[in-house]
Amino acid sequence: MKPSVLAPLALAAGLALSPVAAQATIVFNFEWSGAADALGVVSTQDPTLTGSGWIELDVAAGETFNQSDVVDMLLSFSGVEITPFIIDAGDSLTFGGQVAASGATATLFDFPAPAMISGSNFFGCAESGCGSTLFNILVSDGVNDLLVGYGSSVAAAGSIQLTAVGAAVPLPATLPLAVAGLGALAWASRRRAG
């Protein structure tokens, strides 16, 4: 191969392999339970209360996040004493948290108090900062308001389990350009040789 062709090929390969500042999203499984034996629960008005679903956040491992980082989500809540309901990314959301350095889990902060509202349905801390003396998670279908008590505000917010199901790997922005450039260089080289 001619030296005049090697320099552009090296440049194109370098561009294709260079790191990109694009940030991937992480999808977390969401799990919560109001059962008496669940993480940190000291009292419950309905031990059958549960919440599950997923949240996709535009955040990297080790970073903090808030409701503005939500790309999409779908959470469902149910129990014997409430009518099941769903909260999604289009609903009113207030929360903040931290993704673990590994990216495998995330933790919600107790302040601002996690709150997710869809019409008259509510899931989150019953008071600002998850309370000062009563540390309750409130689940409401608009008719029944059910409290699950915890030993501390951190335990209340921490009862919401977020576990990563995987991170999307973004395509480097320069890869399609580099592949096209390599193809053009190969075509030009064959044309000159022929």
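The values are calculated or read from the model by the stated rules, or taken from the named source; none is laboratory data. This is a predicted model, so every value here is computed, not measured. Here the Cβ positions follow ideal geometry from the backbone for every residue, glycine too, while neighbour counts run over all protein chains shown.
Of the residues that make up the stretch 79-98, is at least one of a type in the set (S, T, N, Q), closer than 12 Å to Ile55 by Cα and more than 14 Å from the chain's Cα centre (by Cα)? Lay out the reasoning, then the answer.
Let us first name the residues in the stretch 79-98 that are of a type in the set (S, T, N, Q), namely 83, 92, 94, 98.
With the extra rule that they be closer than 12 Å to Ile55 by Cα, the set shrinks to none.
Among the residues of the stretch 79-98, not one is of a type in the set (S, T, N, Q), closer than 12 Å to Ile55 by Cα and more than 14 Å from the chain's Cα centre (by Cα), which makes the answer no.
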Take Val80 and decide whether it is hydrophobic (A, V, I, L, M, F, W, C) and in contact (Cβ under 8 Å) with a residue 40 or more places away in the chain. no
Among (1) surrounded by fewer than 21 Cβ atoms within 10 Å (Cβ to Cβ); (2) within 21 Å of the chain's Cα centre (by Cα); (3) not aliphatic (A, V, I, L, M), the one test that Trp32 misses: (1)
Residue check, Phe111 surrounded by fewer than 19 Cβ atoms within 10 Å (Cβ to Cβ) and of a type in the set (Phe, Trp, Tyr): yes
Any chance you could count how many residues in the stretch 50-87 are of a type in the set (Gly, Ala, Ser), farther than 21 Å from Thr105 by Cβ and buried (at least 19 other Cβ atoms within 10 Å of the Cβ)? 1
If I ask for residues that are touching a strand residue (DSSP E or B) at 6+ places or on another chain (Cβ under 6 Å) and farther than 14 Å from Leu162 by Cα, which ones from the stretch 88-113 would you list? Asp88, Ala89, Asp91, Ser92, Leu93, Thr94, Pro112, Ala113
Given (1) without any contact (Cβ under 8 Å) to a residue 24 or more places away in the chain; (2) not in a strand (DSSP E or B), number of the condition Asp72 does not satisfy: (2)
Report whether or not Ser118 is of a type in the set (Ser, Thr, Tyr) and touching a Phe, Trp or Tyr at 6+ places or on another chain (Cβ under 7 Å). yes
Which of the residues belonging to the stretch 114-143 are part of a strand (DSSP E or B) and without any contact (Cβ under 8 Å) to a residue 40 or more places away in the chain? Ala115, Ile117, Ser118, Phe122, Gly124, Cys125, Phe135, Asn136, Leu138
Considering (1) exposed (fewer than 13 other Cβ atoms within 10 Å of the Cβ); (2) in a loop (DSSP other than H, G, I, E, B); (3) modelled with pLDDT of 90 or more, say which one Val165 fails and leave the rest. (2)
